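Chemist: To start, I am sharing the structure in question, which I have written as structure tokens.
The values are calculated or read from the model by the stated rules, or taken from the named source; none is laboratory data. Since this is a predicted model, take the numbers as computed values, not measurements. So basically every Cβ, Gly included, is an ideal-geometry build from the backbone, and we count neighbours across all protein chains shown. We work out accessible area using only protein heavy atoms, side chains counted, and drop any ligands, DNA or RNA first. Shrake-Rupley method; radii C 1.70, N 1.55, O 1.52, S 1.80 Å.
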Amino acid sequence: MTARIQPRSAAISAFEEDIQFYVLPKITRELLISPVKVSRLKIPTDIVLADPSFGEPGPIDMIIGAEFAAGSMKLSDDGPTLQETVFGWIVSGHTSPIPENNPETSTFVCTTVDLQELLARFWELETCHVNSTLSIEETACEELFNKTTSRTVQTVDSW
């Protein structure tokens, strides 16, 4: 599917482009698992977030590649990183959820590799390529041997 995407506000950037998307029924469960107190993160006031409600659990709208990123800023040694994109700043990394009785862990991994490229790489790995390590002289000898030598089938008489 192709869709025209742009930031939620023209004040963020003038980016506007038609992009090919793969539409999936579900990538993972809603992220975040628990709400995050955004006020604890100490995000600078001049930062415009791509998702102003990122601290609340919700579905994933889209996954973007690194080609949309411009710069980053670490908020603290053990805190999240702000990543500047053409859609606004996004928050990634460790955040402290609002304490809850049932702690959970969620892992999300995304890779976007063209299916054709992935299959080509798979077949390259599965195919055995034997590179010759013979010298020019050894190669000539091998060719001469193959051209001038033949084998006959010998049968063994049973006793």
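Chemist: If residue 13 satisfies all but one of (1) hydroxyl-bearing (Ser, Thr, Tyr); (2) modelled with pLDDT under 85; (3) over 30 Å from residue 115 (Cα atoms), what's the number of the condition it fails?
Modeler: Single failed check for residue 13: (2).
Chemist: Tell me, yes or no, whether the stretch 75-91 has at least one residue that is open to solvent by 50 Å² or more (accessible area, probe 1.4 Å), at pLDDT 80 or above, touching a Ser or Thr at 6+ places or on another chain (Cβ under 8 Å) and over 24 Å from residue 3 (Cα atoms).
Modeler: No, every residue in the stretch 75-91 fails to be open to solvent by 50 Å² or more (accessible area, probe 1.4 Å), at pLDDT 80 or above, touching a Ser or Thr at 6+ places or on another chain (Cβ under 8 Å) and over 24 Å from residue 3 (Cα atoms).
Chemist: Out of the residues in the stretch 6-38 that are closer than 20 Å to residue 92 by Cα and not in a loop (DSSP other than H, G, I, E, B), state the one that is least open to solvent (accessible area, probe 1.4 Å).
Modeler: In the first step, residues of the stretch 6-38 are kept if they are closer than 20 Å to residue 92 by Cα; the result is 7-8, 12, 27-38.
Narrowing further to those that are not in a loop (DSSP other than H, G, I, E, B): 31, 36, 38.
Details: 31: 59, 36: 10, 38: 57 Å².
If we take residues in the stretch 6-38 being closer than 20 Å to residue 92 by Cα and not in a loop (DSSP other than H, G, I, E, B), then 36 is least open to solvent (accessible area, probe 1.4 Å).
Chemist: Which numbered condition trips up residue 48, out of (1) at pLDDT 85 or above; (2) hydrophobic (A, V, I, L, M, F, W, C); (3) more than 30 Å from residue 3 (Cβ to Cβ)?
Modeler: Against the list (1) at pLDDT 85 or above; (2) hydrophobic (A, V, I, L, M, F, W, C); (3) more than 30 Å from residue 3 (Cβ to Cβ), residue 48 comes up short only on (3).
Chemist: Shifting gears a bit: Please indicate, with yes or no, whether at least one residue in the stretch 39-48 is outside any helix (DSSP H, G or I), surrounded by 11 or more Cβ atoms within 10 Å (Cβ to Cβ), out of contact with any His (no Cβ under 8 Å at 6 or more places or on another chain) and of a type in the set (S, T, N, Q). Explain how you work it out, then say what you get.
Modeler: At the first step, the residues of the stretch 39-48 found to be outside any helix (DSSP H, G or I) are 42-48.
Adding the requirement that they be surrounded by 11 or more Cβ atoms within 10 Å (Cβ to Cβ) leaves 43, 47-48.
Adding the requirement that they be out of contact with any His (no Cβ under 8 Å at 6 or more places or on another chain) leaves 43, 47-48.
Filter again for of a type in the set (S, T, N, Q), leaving none.
No; the residues of the stretch 39-48 include none that is outside any helix (DSSP H, G or I), surrounded by 11 or more Cβ atoms within 10 Å (Cβ to Cβ), out of contact with any His (no Cβ under 8 Å at 6 or more places or on another chain) and of a type in the set (S, T, N, Q).
Chemist: Taking the stretch 92-127 only, how many residues are open to solvent by 100 Å² or more (accessible area, probe 1.4 Å), among the acidic types (Asp, Glu) and modelled with pLDDT of 75 or more?
Modeler: Selection size over the stretch 92-127: 1.
Chemist: Also, quick follow-up: State which residue pairs qualify: first residue closer than 21 Å to residue 56 by Cα and touching a residue at least 24 places away in the same chain (Cβ under 8 Å) and inside the stretch 5-29, second residue surrounded by 11 or more Cβ atoms within 10 Å (Cβ to Cβ) and among the aromatic types (Phe, Trp, Tyr) in any location, beta carbons under 8 Å apart, and separation of 6 or more residues or different chains.
Modeler: Taking only residues 6 or more apart or on different chains, the pairs are 7/15; 7/87; 8/87.
Chemist: Say we look at the stretch 49-71 and pick out the residues that are open to solvent by 30 Å² or more (accessible area, probe 1.4 Å) and in a strand (DSSP E or B); which of these is nearest to residue 26 (Cα to Cα)?
Modeler: Restricting to residues being open to solvent by 30 Å² or more (accessible area, probe 1.4 Å) and in a strand (DSSP E or B), the top hit is 69.
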